Amino acid sequence: MTIDAHHHLWKYNDRDYIWMSGEMTALRRDFLIPELEQVMRESGVEGTIAVQARQTKEETEWLLDLAARNPFILGVVGWVPLADADAGSYLEFFVQQPKLKAVRHVLHDEPDDSYILRDDFNRGVSLLRNLGLAYDILIFERHLPQTLTFVDRHPGQIFVVDHIAKPRIREGLVSPWRERMMELAKRENVYCKVSGMATEADWKTWTPDGLRPYFDVVLSAFGTKRLMFGSDWPVLTLAGGYEKWMSTFRSFIAELSPDEQESVCRSSAIAAYGL
């Protein structure tokens with residue numbers, strides 16, 4: 001069984017998806033369950049984790065409802081206003097749904113690069129561990145120094161780094177991202193998703209060989225027990241189809257042992273999200 005630990009679903013409108021820039025017109029339509037099921041079948045994926053794409057409680061409720069009605073959605077990474085004084089009440093409400101597995105905030109879009117260190121935000125994050133929820137970290141490479149401080153404030157909290165922290169693949173730069181990811185991986189409570197790499201490269205000209213050095217870094221840093229597969233579909237479609245990314249990923253792990261491949265394809269996601 002392969003678990004896609006990172007995909008999105010949405011009913012598009014031009015009010016809630018302002019992050020879709022002019023280059024992303026292909027995303028400005030609905031992406032729903034039937035299309036997801038099709039790409040899953042074509043790529044041999046049997047279970048998924050649905051991740052928030054807009055910062056509303058209504059979307060979290062919608063994703064949880066979809067998960068309740070579609071058994072292949074094993075978990076949801078939702079959005080909750082963690083910096084709000086009533087964050088605890090919101091979390092208590094949503095955690096009644098068993099498929100809520102984690103929370104995420106779109107940190108890399110905040111004007112303040114140190115938002116991740118805000119006291120109100122950290123108070124909200126501090127509530128997650130006792131509720132059995134992980135936290136997905138969505139950042140750019142430049143946020144890694146702040147992220148190290150943030151993670152150290154919450155020992156024992158499970159964190160999952162989305163999209164290998166978005167290194168500057170398009171520019172062909174590996175440092176200082178490599179060194180900072182190696183440092184972050186020393187924290188045993190931090191996992192990492194192999195996702196979002198193609199869209200950080202040149203969408204039209206990227207090759208598996210161009211992405212491979214970045215995969216090798218996170219494999220060395222996190223090992224197979226804290227590394228997991230994710231597609232970032234349908235954002236992925238900007239840089240190629242689901243099948244192309246799955247083929248690329250499988251080429252990266254081809255030299256691993258069967259147990260190691262099983263871990264990256266399945267067990268790491270189960271462990272991180274308590275599936």
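Each label point was placed 7 Å from the Cα along the Cα-to-Cβ direction; for Ser89 and Glu58 their separation is 2.0 nm.
Calculated from DSSP H runs of 4 or more alone, at -39500 (n - 2.57) each and per residue, what is the 222 nm mean residue ellipticity of the chain, nearest 500?
Details: 10 runs with 94 residues, N = 275.
Taking each H run of at least 4 residues, the total per residue is -10000 deg cm²/dmol.
Matching the structure-derived Cα extents along the principal axes in Å against the labelled list [x] 58, 41, 36; [y] 47, 41, 40; [z] 63, 49, 32 gives the label [y]. Straight Cα distances below 19 angstrom link Lys204 to the aspartates and glutamates Glu23, Glu171, Asp232, Glu243, with same-chain residues fewer than 8 positions distant left out.
Summing Lys, Arg as +1 and Asp, Glu as -1, what charge do residues with Cβ under 11 Å from the Cβ of Gly47 carry, Gly47 excluded? Combined, the nearby Lys, Arg, Asp and Glu give -1. Put simply, the amide H of Ile137, placed in the peptide plane, has neighbours under 5 Å in Val160, Val161, Asp162, leaving out anything fewer than 5 places away on its chain. Computed from backbone phi with θ = phi - 60° and the Karplus coefficients 6.51, -1.76 and 1.60, the 3J(HN,Hα) list for the range 255-261 is 8, 6, 5, x, 5, 5, 5 Hz; x is used for glycine and proline.
Ordering Leu238, Ala85, Ile270 by the projection of their Cα atoms onto the charge dipole of the chain, which places +1 on the Cβ of Lys and Arg and -1 on the Cβ of Asp and Glu, puts Ile270 at the extreme positive end.
For Trp19 and Arg212 in one chain, what is 0.36 nm times their gap in residues minus the Cα-Cα distance, to one decimal in nm?
Numbers: separation 193, 0.36 × 193 = 69.48 nm, distance 2.78 nm.
Stretched fully, the Trp19-Arg212 segment lengthens by 66.7 nm.
Of all the options Met228, Met20, Met246, the one that moves most in a Gaussian network model of the chain with Cα springs shorter than 10 angstrom is Met20.
Taking every DSSP bridge with both residues inside the chain, close to 5 percent are antiparallel.
Pairs to check: Lys11/Lys57; Lys99/Lys166; Lys166/Lys225; Lys193/Lys225; Lys99/Lys225; Lys11/Lys166. Give those whose C-alpha atoms are more than 19 Å from each other in this structure.
Values: Lys11/Lys57 15 Å; Lys99/Lys166 27 Å; Lys166/Lys225 21 Å; Lys193/Lys225 11 Å; Lys99/Lys225 22 Å; Lys11/Lys166 26 Å.
Long pairs (Cα-Cα over 19 Å): Lys99/Lys166; Lys166/Lys225; Lys99/Lys225; Lys11/Lys166.
Across the chain, the mean sequence separation of Cα contacts (distance under 8 Å, 6 or more residues apart), normalised by length, yields a relative contact order of 19 percent.
Length gained on full extension, Asp202 to Glu243, computed as 0.36 nm times the residue gap minus the Cα-Cα distance: 13.0 nm. Placing unit charges on the Cβ atoms only, positive for Lys and Arg and negative for Asp and Glu, gives the range 3-273 a dipole magnitude near 260 debye about its Cα centre. For the range 20-91, the list of trypsin sites (Lys or Arg not before Pro) that fall in a loop by DSSP and count at most 13 other C-beta atoms within 10 angstrom reads Arg28, Arg29.
A short reminder: the numbers here are calculations on the coordinates, not readings from a lab. Computed from a predicted structure; not experimentally measured. We place every Cβ from the backbone using ideal geometry, glycine too, and count neighbours over all the protein chains shown.
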